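To start, the structure itself, in structure tokens.
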Amino acid sequence: MGIKTKTGVYVCHCGSNIAATVDVEDVTTFAARLPHVKTARHYPYMCSDPGQGLIRQDIRDKGLNRIVVAACSPRIHENTFRRTLEEAGLNPYCLEMANIREQCSWVHGDRSGATAKARKTVAAAAARARLLEPLQQKEVPVEPAVLVLGGGIAGIQCALDVAGAGFTVYLVEKEPSIGGRMAQLDKTFPTLDCSACILTPRMVDAAAHPRIELLSYSCLEEVSGYAGNFSVRVRKKARYVDADRCTGCGDCARECRLAGRVPSSFDLGLGRRSAIYRPFPQAVPAHYTIDRQRCLFLTKGRCGDAPPCVQVCSPGAIDFEQRDEVVELKVGAIVVATGCDLFDPSRKPEYGYRDYNNVITAMELERLLSASGPTEGSVVLGEGEDASVPRDIAFIKCVGSRDKSAGSEHCSKVCCMYTAKLAHLLGEKVPGASIRVYYMDVRASGKGYEEFYDRVRREGVRYIRGSPSEIFQRGSRLVVKVEDTLASTPLEDEVDMVVLAVGLEARGDAGRIVDMLRLSRSADGFFLEAHPKLAPVDTAVDGIYLAGACQAPKDIPDTVAQAKAAAASALGLLSAGRIKVGAEVCVVNEETCRGCGYCVQICPYGAVELAFSERYSHETALVNEVLCKGCGACAAACFSGSMQQRSFRDEHILSQVAVLGSKGKGDQV
Amino acid sequence: MEERFEPNIVAFLCNWCSYAGADLAGTSRMQYPPNVHIVRVMCTGRINPLFVVNAFQQGADGVLVSGCHPGECHYREGNYHARRRFTLLRELLVFTGVDRRRFNMSWVSASEGAKWREVVREAVEMAREAGPFEQFRREMIGW
């Protein structure tokens, strides 16, 4: 028989968070009578330094070798208390937490019911703690490289910070150029900096950085491995243009037979381009790409007698033989910065976005205002002789935000400010324009935001509180039907143009990323952070971090801040150079294992293999502890119970079930 | 007045989705009955069907298994294994005469605190309707 189990039980009040609903003294007295419990105490804040000190002291003085902390969720403080054990010289895996806050005091109002449940929870934890074994973590080296997914401002900033610290970065962008949403903007609020002017130097820096490998026009195919050692497959899509030869002169685009006939997605269809194109003039990388869905030669097999792009390209960069290339990368950390989609206003048919040409989205206005946009910065509606400059302009806010009927309950955070900015810019571009903004609330919390909103109102932009119910045509003009809810007056406002301040939403293909990286999503569809307050850039998967609008709608300053935070988190992992891998992995009892191999088949990580055991003279399963992620699937599948998961052995779980399943209050363990 | 029967339910929750969802219900102060006692495992794929049977043997009136939504398993496919096992186990339990309402399976993600509350409320209600469960009880188990 081994060393006698001496358990200490520590019940936390968490101020009044637990103590108000659970009788902590009763639970402590009860715990003291449990088998193998040597001591039981309660304390206002177990996680505080004196609280932890209490545990350390008892471990040293009373020779405790198992600790039960009845407090908050293990997802919050398990690591804190494991360190406490370690500091007192006890193996950190000899800890068991009883969750009597999130899953007890906070969800039950009735004191006697909550106290009875807390008793049982503590008894089950003590029963399990008795069986826990000391475990050791393994250390493995970390790949000194980071994969950054998404080349918007978040990805660019993160890549620059990581590369600046001396590590390799692979920056993957699905579009032909990096730049993302910010590249599409004309000016940025509240300072009215020209978006391209502040962004393009960063884009160039990222592309020119010796430690940043830019993989534009590429997409993620597969991810395997774990924190510190991810293996990633990236598909570099064929551009049909030799990047080494292309000088970016643009002769090919001018001569293309489809020149001016392909809608430009960068300009949201407002402008037209060729089949061979560069999304915008400041694109990085600067070389051209052939649109494989549009190019006559690629779709029809011929383009006149010969494709004119090939004829005019003097460096001979056009290469129709080019194929997609799949590259394998090894990285230690992954930063997801895949951004967001814009709400499609045709989902609110009452605004007539599909029916009327002069109902446009804010991003479309952004492109019209941009000097490098389809109209070179002038705000005109219609083409040719019908072209006219709008005089009366209405903005409608919260289109696809705070709108349950449209399926998006969240506030998109940026629309209030970009509406103010666009209203200001329109006032500059169209002198004498009359601009009104229909709003529900104005949320201008941010440095200089309220001041900017104030300025825009003083400039003559009228803010009218009301959410329009309908937009319809009257002659050549549009009518916005709305109730001014402050004046309680129904209005029919005749305007020349309506701008819809569309909200931000999760990417349509976010599910693909979730599947590949095993991330979670919050109810609004955005990627879920590990903790909303304390781990806003971490995810549930170690070594994978979030930056920018893929986590929640964000403006540029917040995006950049989060990108820098994600870079710092990734750098923390990389600069440590080594990472400890899970101790709660699976283990085989070679003596009883008959080598059926069912565990080999069920393991999703290829961590189990069959090998001949010299000692027992038959084939047995063998677990690679570095590859094992500790899910326990093999343990549940094993017919003979030979495969077990450390800390989650059958007897661990059954010890809890024995207490929790019993009708009693947990006293007869 | 006759005292209302309070069923005792054992719930097996995966660490990444449902346990986190149950934590979220707490953080959001959502109220639900205290009849459900949670056993945390890393993945629903770890749950041996015999754990469920054992819970009934110990005296549980109901058992609940909850994990990540299909396709969202932290370990890729553990919840698919669980789904197969427990669909089968449920039918087997019903075959042996166990009331269908005693054993439930659900998918609760880390962001679905409200769903967890509903799952608990329903499980408690169903087990209450089914009444005390005695058929599987054993004083000692030799497993």
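The values are calculated or read from the model by the stated rules, or taken from the named source; none is laboratory data. All values reported here derive from a predicted model rather than from experimental measurement. Don't worry about glycine lacking a Cβ; one is built from the backbone with ideal geometry, like all the others, and counts go over all protein chains shown.
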- When restricted to A:GLN473, A:GLN551, the only residue out of contact with any Gly (no Cβ under 9 Å at 6 or more places or on another chain) and either within 30 Å of A:LYS421 (Cα to Cα) or hydrophobic (A, V, I, L, M, F, W, C) (or both) is A:GLN551
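Residue-wise test of (1) under 34 Å from the mean Cα position of the chain (by Cα); (2) buried (at least 21 other Cβ atoms within 10 Å of the Cβ); (3) not assigned by TED's automatic domain parsing to the domain that holds A:MET182.
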{"site": "A:LYS348", "(1), (2), (3)": "yes, no, yes"}
{"site": "A:ARG354", "(1), (2), (3)": "yes, no, yes"}
{"site": "A:LEU369", "(1), (2), (3)": "yes, yes, yes"}
{"site": "A:GLU376", "(1), (2), (3)": "no, no, yes"}
{"site": "A:LEU381", "(1), (2), (3)": "no, no, yes"}
{"site": "A:ALA387", "(1), (2), (3)": "no, no, yes"}
- Query: Considering segment A:559-592 alone, what residues qualify as being touching a helix residue (DSSP H, G or I) at 6+ places or on another chain (Cβ under 7 Å) and among the charged types (D, E, K, R)?
  - Reply: A:LYS564
- Query: Among A:ASP242, A:ASP344, A:ASP319, which is within 30 Å of A:LYS413 (Cβ to Cβ), at pLDDT 95 or above and surrounded by fewer than 23 Cβ atoms within 10 Å (Cβ to Cβ)?
  - Reply: A:ASP344
- Query: Has segment B:116-133 got any residue that is surrounded by 19 or more Cβ atoms within 10 Å (Cβ to Cβ), modelled with pLDDT under 95 and facing another protein chain (nearest Cβ under 9 Å)?
  - Reply: no
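Per-residue answers, yes or no, for (1) within 14 Å of chain B (Cβ to nearest Cβ); (2) surrounded by fewer than 17 Cβ atoms within 10 Å (Cβ to Cβ):
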residue	(1), (2)
A:ASP110	yes, yes
A:LYS117	yes, no
A:ARG128	yes, no
A:PRO134	no, yes
A:GLN137	no, yes
A:VAL140	no, yes
A:ALA145	no, no
A:VAL148	no, no
A:ALA154	no, no
- Output the number of residues of segment A:258-300 satisfying the condition of being charged (D, E, K, R) and either out of contact with any helix residue (DSSP H, G or I) (no Cβ under 9 Å at 6 or more places or on another chain) or free of Cβ contacts under 8 Å to residues at least 24 places away in the same chain (or both). 5
- So, of the residues in segment A:536-575 that are among the small types (Gly, Ala, Ser) and within 14 Å of chain B (Cβ to nearest Cβ), which turns out to be surrounded by the fewest Cβ atoms within 10 Å (Cβ to Cβ)? A:ALA540
- Query: Could you count how many residues in segment A:69-108 are over 15 Å from A:ALA19 (Cα atoms), within 7 Å of chain B (Cβ to nearest Cβ) and part of a loop (DSSP other than H, G, I, E, B)?
  - Reply: 1
- Task: Report the residue count in segment A:1-15 for those that are touching a helix residue (DSSP H, G or I) at 6+ places or on another chain (Cβ under 9 Å) and either surrounded by fewer than 19 Cβ atoms within 10 Å (Cβ to Cβ) or of a type in the set (S, T, N, Q) (or both).
- Result: 3
- Being charged (D, E, K, R), surrounded by fewer than 23 Cβ atoms within 10 Å (Cβ to Cβ) and either assigned to a helix (DSSP H, G or I) or at negative phi (or both) is the filter here, so list the residues in segment B:16-47 that pass it. B:ARG40
- Among the residues of segment A:280-293, is any touching a His at 6+ places or on another chain (Cβ under 9 Å) and surrounded by 19 or more Cβ atoms within 10 Å (Cβ to Cβ)? no
- Filter segment A:614-661 for residues that are in a loop (DSSP other than H, G, I, E, B) and facing another protein chain (nearest Cβ under 7 Å); which is surrounded by the most Cβ atoms within 10 Å (Cβ to Cβ)? A:CYS631
- From the residues in segment A:460-487 that are hydroxyl-bearing (Ser, Thr, Tyr) and out of contact with any Asp or Glu (no Cβ under 8 Å at 6 or more places or on another chain), which one is modelled with the lowest pLDDT? A:SER476
- Item | Matching option when the condition is of a type in the set (A, V, I, L, M), buried (at least 18 other Cβ atoms within 10 Å of the Cβ), in contact (Cβ under 8 Å) with a residue 12 or more places away in the chain and within 30 Å of A:VAL335 (Cβ to Cβ), among A:ILE471, A:ILE464, A:ILE513 | A:ILE513
- Those residues of segment B:37-54 which are closer than 20 Å to A:GLN645 by Cα and facing chain A (nearest Cβ under 7 Å) amount to B:ILE38, B:VAL39, B:VAL41, B:MET42, B:CYS43, B:GLY45, B:ARG46, B:ILE47, B:ASN48, B:PHE51, B:ASN54
- Among the residues of segment B:56-84, count how many are within 8 Å of another protein chain (Cβ to nearest Cβ) and of a type in the set (D, E, K, R). 3
- Query: For segment A:32-68, how many residues meet the condition of being among the hydrophobic types (A, V, I, L, M, F, W, C), part of a helix (DSSP H, G or I) and within 42 Å of the chain's Cα centre (by Cα)?
  - Reply: 3
